[in-house]
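The values are calculated or read from the model by the stated rules, or taken from the named source; none is laboratory data. Keep in mind that this is a model prediction, so the values were computed, not measured. Note that each Cβ is placed from the backbone with ideal geometry, even for glycine, and that neighbours are counted across all protein chains shown. In case anyone asks, the SASA skips ligands and DNA or RNA and just uses the protein heavy atoms, side chains included. Shrake-Rupley method; radii C 1.70, N 1.55, O 1.52, S 1.80 Å.
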Amino acid sequence: MLQSSDADILKTEASRLRNASIASLLSSEANRVSDLTLSAAGLSLDASKQRIDHAALSRLTQAADNAGLPAAFEQLVTGVEVNITEQRAALHTLLRGTAADDCEDLHNEVRETLARMKSAVEGIHGGDHTSASGQPFTDVINIGIGGSDLGPRMICRALDSDTPKLRTHFVSNVDPHDLDVVTRGLNPATTLLVVCSKTFTTEETLTNAQRARAWLINGGVPEASIGKHVLAVTTNLDAAADFGIDANGCFPMWDWVGGRYSVWSAIGLVIALGYGWETFSELLDGARALDAHTREATPDQNLPMMMAMFELWNTRFLNTETHVVLPYSQRLEYLADFLQQLTMESNGKRVTLDGEPIEDVTAPVLWGSAGTIGQHSYYQLLHQGNRAFSADIIFPLTNGAVDLDAHRKLASNALAQSRAFLIGRSAEESKALAASKGLAPELAPHFEMPGNHPHSSIVMDAVTPATLGALVAAYEHKTYFLSVLMGLNAFDQWGVELGKVIGKQIRGALETGEGLDELDASTATLAAAWREANDER
Ligand code: F6P
């Protein structure tokens, strides 16, 4: 946890720097860009546009050390029970082979599962495992929600190619429209389902799995051969068997892997089915390389540790209100959605590990979308609204030589926005602009932009399986380090569980009309309106 003496020091540093000009720091501090650029596993983090100077930075890295971040990382990767309310380790790093010697038995299970996944994937790609009608599979639908959806969905979008091994699709929402839209253009005879649910109790996933199964059967797949079309990933092998999924088609998950950290497990099966086993292995390799960096690098050179320190600095000390993730790559279109769960489900907490209330803010509100689309929408608020924010601008330097001109335009937008966040537009410039438009000087404030918004740029040579693995691992570790600094448990999600419990209660009331009077007046009235609209009177 951040030591209170360090918090006091950082508070003093922050009040010194609250109104400091990042642009002035950039021009006055020698070597600022190289000093504030960290590289690891194919990623480069340029933090020179954070609102911090050399003196405060060394306080920040000292605070990271004093907070025990390196030791906390060792606890994580060696399987200490960091998730205290569920009494579990959080060993997602073991899924990619990190610290395997420390958890040999568990790693054997991981290796066995990876071998089974590889053989299943190669069997499907090689034609040993065909559909019930003996045809090769053409499409795979991943059915899952939260961590059983967002990671694989984001990675598959990022790896998108003209020639996937299987076309990948994702169904998550219990709204039947989600499944119906996905299945609309598909042939049941050549479609494979992967039902992903760590618990195998999640209402959305089980409902979608039932409907998708019915779609296969109605589309001509004989019920007796349905096992050929349905795979499952879960910790709850009995529930999957009860659901009718063949033991051979069932891949294990473990309670020591959190849903939002599970893309490296069999939850990533759809990635391998879509883009090949090699690709999935490279994803794991990229993440493992980032793990190795995180274990070895000192705090001042440690990329995810510094990402966490900047987030703490911005949210707690410079009082930024939100954190916006802006990938300038359509391939990273779903990155912000993925990071929302990772960041806010992990660190959206209000008590310390000891159960004491946390007075300071915890996880930042994280949002964002692929540039340049957001530029024509919410960037107005970023430039001229009055909310303080921090940002990550992420872009690959190359895109596989596809249309260099368009790629150059994309990069210029990324760089332009980073520069605009830095310099804004001054009062003087705004007056000149108003005059050039023949407008009265009183209108000049409408053109002003404060700039000086703290942000980092994260660059990689290209979006590849390995750089994606490293990027996701970097954000995973940043999230964990932040939880350590704030002294909270990043690995439970009791807030989400409450919705599930009340959801069950209300579903019963909608079905039978009973128990409506136990609800508050507003919810009861809305529920009654729903019953009336659906003729359930
Ligand atoms: O949304 C809450 C949650 O518990 C997430 O943590 C999890 O990723 C998701 O539900 C799905 O859970 P499961 O994989 O068990 O279906």
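Per residue, how many Å² of accessible area does the range 92-281 show with a 1.4 Å probe? Before the final figure, lay out the partial values.
Values: 7330 Å² over 190 residues.
Here the per-residue accessible area is 39 Å².
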Cut-off 15 Å, label 7 Å out along Cα→Cβ of Thr201, residues of the range 480-516 by amide N: 493-505
Solvent-accessible area, 1.4 Å probe, carbon plus sulfur percent, for the range 92-281: 46
Contact order normalised by residue count of the chain, Cα under 8 Å, 6+ apart, percent: 19
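Mind listing which GluC sites (Glu not before Pro) in the range 410-518 are in a DSSP loop and have 12 or fewer other Cβ atoms within 10 Å? Intermediate values should be presented prior to the final figure.
Numbers: sites: Glu428, Glu429, Glu442, Glu448, Glu476, Glu497, Glu511, Glu514, Glu518; in loops: Glu448, Glu514.
Within the range 410-518, the qualifying GluC sites (Glu not before Pro) (loop, at most 12 other Cβ atoms within 10 Å) are Glu514.
What does the charge dipole of the chain about its Cα centre add up to, to the nearest 20 debye, if the Cβ of each Lys and Arg holds +1 and the Cβ of each Asp and Glu holds -1? Walk me through the numbers before you get to the answer.
Values: 41 positive and 67 negative charges, 304 e Å.
With only Lys, Arg, Asp and Glu charged at Cβ, the dipole is about 1460 debye.
When the helix-only estimate is applied to the chain (DSSP H runs of n ≥ 4, each -39,500 (n - 2.57), divided by the residue count), what is the mean residue ellipticity at 222 nm, nearest 500 deg cm²/dmol?
-14000 deg cm²/dmol
In the range 16-62, which trypsin sites (Lys or Arg not before Pro) are in a loop and have at most 15 other Cβ atoms within 10 Å, using DSSP for the loop call? Let's see the in-between values first.
On the way: sites: Arg16, Arg18, Arg32, Lys49, Arg51, Arg59; in loops: Arg18, Lys49, Arg51.
Counting only loop positions with at most 15 other Cβ atoms within 10 Å, the trypsin sites (Lys or Arg not before Pro) in the range 16-62 are Arg18.
For the range 380-430, what % of the accessible area comes from carbon and sulfur atoms, probe 1.4 Å?
Carbon and sulfur: 57 percent of the exposed surface of the range 380-430.
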Kyte-Doolittle mean at least 0.0 and Cα axial length at least 15 Å: DSSP H helices in the chain: 404-423, 465-486, 494-512, 521-533
Neighbour cut-off at most 16 other Cβ (10 Å), DSSP loop, trypsin sites (Lys or Arg not before Pro), the range 312-355: Arg350
Linear extension gain, Arg16 paired with Asp354, 0.36 nm per residue minus alpha-carbon span: 118.4 nm
Span from the the range 88-135 Cα centroid across to the the range 222-279 one, whole angstrom: 10
Residue (of Leu422, Leu353, Ala444) at the positive-pole extreme of the range 348-486, dipole from beta-carbon charges: Ala444
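Report, to one decimal in Å, the Kirkwood hydrodynamic radius for the chain based on all distinct Cα pairs. Don't skip to the answer; put the middle values down first.
Numbers: mean 1/r = 0.0398 Å⁻¹.
About 25.1 Å, per the Kirkwood formula over Cα pairs.
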Accessible area of the range 286-356 belonging to carbon and sulfur atoms, whole % at 1.4 Å probe: 43
